[in-house]
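The values are calculated or read from the model by the stated rules, or taken from the named source; none is laboratory data. Predicted model only: the values in this text are computed from it and were never measured. With ideal geometry, Cβ positions are generated from the backbone for all residues, glycine too; neighbour counts draw on all protein chains shown.
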Amino acid sequence: MDMDINKKELDAHAYNPFEHRHVKKPNSDIRSLANLLKASLGSGILAIPLAFANAGWGVAIVGTVIIAFICGHCVHIFVNVSRVCCKAVRKPLLGYAETCQVAFAIGPKRLRPLAKAAGLFAEFSLVFTYVGVCCIFTVLIADSIKQLLDQYVPGYILPVEYYCLILLVPLCLMVQIRYLKWLAPISLTANLLLVATFAICIYYIFKDEITISDKQVVGYPARFPAFLSTVIFAMEGIGVVMPVENEMKKPEHFLGCPSVLVLAMSFIMLLYCILGLFGYFRYGDALRGSITLNLPLDDWPAICAKAFIAISIFCTYPLHFYVVVDVLSRHLKSHIKKQNMNKAQIIMRITIVCICGGIGVALPMLEEIINIVGALFYSILGLIIPGVVETVCRWEHLGKFNWILWKNILIVLFGLCSLISGMMVTISDIIVKLDQETE
């Protein structure tokens with residue numbers, strides 16, 4: 001992939017990747033929009049009210065709009081870079097990690113030897129991000145089940161850690177599903193239950209009169225990093241952006257204005273602002289990692305919502321788990337004999353589920369795990385990597401006064417600040433909670 005700039009520019013003009021894409025069942029713009037929304041409107045949306053409680057509703061609205069713009073811009077520049085890389089290496093499409101590798105391979109000569117390392121770093125950033133998401137899912141399911149059973153089976157009250165362990169058996173069986181097409185009906189069920197859960201949450205938010213006089217417009221500055229971490233976790237779906245764009249019937253409609261990306265991010269931003277604002281107005285500082293955990297336990301719609309979210313997340317687990325397995329399987333193939341591959345797959349899937357469950361047992365704190373994944377993993381995946389990759393890819397053409405370089409420096413600094421401050425606040429919260437438990 002080592003080539004000079006002139007050849008790269010010549011290829012860029014001579015090769016159109018869209019003309020060479022042969023997708024068996026390409027998605028329309030509407031379906032692509034739905035897939036992009038599904039990627040960002042998962043369980044994270046239920047944590048948005050807690051983010052508003054951390055920042056204060058005035059700061060949170062402005063912050064959510066700004067973060068939505070930054071996240072949308074990072075997706076935009078990453079997709080643009082991927083298209084430049086496709087033209088440079090004359091390939092119809094590239095995935096997330098492949099884009100990072102090619103960007104370094106066609107970038108400044110000093111950085112080209114780092115191409116393979118860049119691809120591996122991107123791959124394992126994806127792996128750790130989705131392992132973190134699976135940890136969140138394990139604890140969220142366990143919390144929801146515990147709430148229901150504590151209320152209706154009071155004779156057998158167990159710590160949430162025990163429910164994390166019990167969940168390992170059904171999750172180990174669920175993740176043995178190998179193909180995405182077999183997950184389609186399960187994913188559809190999960191989406192319907194998530195919509196029903198969201199509708200029930202809205203019902204309880206607006207059921208009684210809302211008071212805002214006791215709610216903070218500006219929260220404590222020390223809690224702002226926790227707000228950043230939660231919103232970044234809830235909003236980022238960059239791990240699935242390339243698959244969505246690669247499978248479009250008209251991929252040129254993904255970027256631009258109006259476009260699939262602009263419509264998706266605008267809708268997500270609006271929905272998050274509405275749920276975050278009114279969820280905070282309803283429950284205030286009592287909010288937990290998922291708003292469903294704040295719903296009453298003596299009303300049947302609330303009971304349904306708690307059951308629905310547990311089942312929905314359980315059904316969504318294999319889809320996010322697929323990203324982890326897909327990356328690790330590619331590295332496993334070169335080390336395992338073909339006749340042993342099936343056994344290796346089974347063992348690998350069970351091991352990963354047990355690791356996620358083990359983290360849930362060691363740290364059964366939903367809010368804190370969400371903040372760790374948002375601050376550490378999604379800051380790297382959705383902010384820092386796109387800023388670095390665009391700079392490297394466009395090193396010879398950074399615009400007037402090198403404005404692209406300065407813009408990307410600000411994005412990377414924002415990502416680093418979110419990462420460092422979010423981790424510091426989260427670690428502090430974990431220490432405080434552990435101290436309270438030991439007293």
Task: Conditions (1) part of a helix (DSSP H, G or I); (2) buried (at least 22 other Cβ atoms within 10 Å of the Cβ); (3) modelled with pLDDT under 90; number of the one not met by Y280 - done: (3)
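Across segment 144-167, which residue is nearest to I313 (Cα to Cα) among those that are among the β-branched types (V, I, T) and in a helix (DSSP H, G or I)?
Initial filter on segment 144-167 (among the β-branched types (V, I, T)): 145, 153, 157, 160, 166.
Subsequent filtering for residues that are in a helix (DSSP H, G or I) retains 145, 160, 166.
Working: I145: 12, V160: 16, I166: 16 Å.
The residue in question is I145.
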Task: All positions within segment 283-293 that are in a helix (DSSP H, G or I), farther than 13 Å from G44 by Cβ and in contact with a Pro (Cβ under 8 Å, 6 or more places away or on another chain) - done: Y283
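Would you pick out the residues in segment 321-336 that are part of a helix (DSSP H, G or I) and either surrounded by 22 or more Cβ atoms within 10 Å (Cβ to Cβ) or of a type in the set (A, V, I, L, M) (or both)?
From segment 321-336, those part of a helix (DSSP H, G or I) are 321-332; that's our starting set.
Within segment 321-336, F321, V323, V324, V325, V327, L328, L332 meet the criteria.
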Open item on the list: Against the definition (closer than 28 Å to G358 by Cα and outside any helix (DSSP H, G or I)), how does I141 come out, yes or no?
Closed with: no
Task: Cβ pairs under 9 Å, 6+ apart, first in segment 238-263 and on the phi > 0 side of the Ramachandran plot, second in a helix (DSSP H, G or I) and not charged (D, E, K, R) - done: G256/V262
Open item on the list: Being surrounded by 13 or more Cβ atoms within 10 Å (Cβ to Cβ) and assigned to a loop (DSSP other than H, G, I, E, B) is the filter here; which residues of segment 246-277 pass it?
Closed with: E247, K249, K250, F254, L255, S259
TODO: Would you mind telling me which numbered condition in (1) at pLDDT 85 or above; (2) in a helix (DSSP H, G or I) P296 fails?
DONE: (2)
Open item on the list: I'd like to check something: does segment 147-165 contain any residue that is surrounded by 17 or more Cβ atoms within 10 Å (Cβ to Cβ) and touching a Phe, Trp or Tyr at 6+ places or on another chain (Cβ under 6 Å)?
Closed with: no
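Based on what the data block shows, is F128 of a type in the set (F, W, Y) and closer than 22 Å to A199 by Cα? Before the answer, list the steps.
Details: of a type in the set (F, W, Y): yes; closer than 22 Å to A199 by Cα: no.
It is false that F128 is of a type in the set (F, W, Y) and closer than 22 Å to A199 by Cα.
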- [ ] Kindly indicate whether any position in segment 125-146 is surrounded by fewer than 24 Cβ atoms within 10 Å (Cβ to Cβ), at pLDDT below 90 and closer than 23 Å to P251 by Cβ.
- [x] yes
Open item on the list: So, in segment 53-98, exactly how many residues are within 19 Å of the chain's Cα centre (by Cα) and of a type in the set (V, I, T)?
Closed with: 8
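Taking the stated definitions as given, is I313 under 21 Å from L165 (Cα atoms), aliphatic (A, V, I, L, M) and either in a helix (DSSP H, G or I) or touching a strand residue (DSSP E or B) at 6+ places or on another chain (Cβ under 9 Å) (or both)? Can you show your working first?
On the way: under 21 Å from L165 (Cα atoms): yes; aliphatic (A, V, I, L, M): yes; either in a helix (DSSP H, G or I) or touching a strand residue (DSSP E or B) at 6+ places or on another chain (Cβ under 9 Å) (or both): yes.
For I313, the condition - under 21 Å from L165 (Cα atoms), aliphatic (A, V, I, L, M) and either in a helix (DSSP H, G or I) or touching a strand residue (DSSP E or B) at 6+ places or on another chain (Cβ under 9 Å) (or both) - is met.
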Open item on the list: Please go through segment 95-124 and give me each residue that is buried (at least 22 other Cβ atoms within 10 Å of the Cβ) and not in a helix (DSSP H, G or I), ordered by number.
Closed with: I106, G107
Task: helices (runs of 4 or more DSSP H) within segment 346-439 that include 1 or more residues over 22 Å from the mean Cα position of the chain (by Cα), at negative phi and crowded, with 17+ Cβ neighbours inside 10 Å - done: 385-393, 403-438
Open item on the list: For segment 152-190, give me each residue that is polar (S, T, N, Q) and either in contact with a Leu (Cβ under 9 Å, 6 or more places away or on another chain) or closer than 25 Å to I355 by Cα (or both).
Closed with: Q176, S187
- [ ] Check segment 198-213 and report whether any residue there is surrounded by fewer than 17 Cβ atoms within 10 Å (Cβ to Cβ), in contact with a Lys or Arg (Cβ under 7 Å, 6 or more places away or on another chain), assigned to a loop (DSSP other than H, G, I, E, B) and among the β-branched types (V, I, T).
- [x] yes
- [ ] Filter segment 220-239 for residues that are part of a loop (DSSP other than H, G, I, E, B) and either touching an Asp or Glu at 6+ places or on another chain (Cβ under 9 Å) or crowded, with 23+ Cβ neighbours inside 10 Å (or both) and give the result.
- [x] E236, G237
- [ ] Please list, ordered by first then second residue, the pairs with beta carbon atoms under 9 Å, 6 or more apart or interchain, first in segment 103-122 and under 20 Å from K91 (Cα atoms), second part of a helix (DSSP H, G or I) and among the hydroxyl-bearing types (S, T, Y).
- [x] A103/S82; G107/T391; G119/T99; A122/Y96; A122/T99
Task: Number of positions in segment 204-233 that are closer than 26 Å to D299 by Cβ and not hydroxyl-bearing (S, T, Y) - done: 9
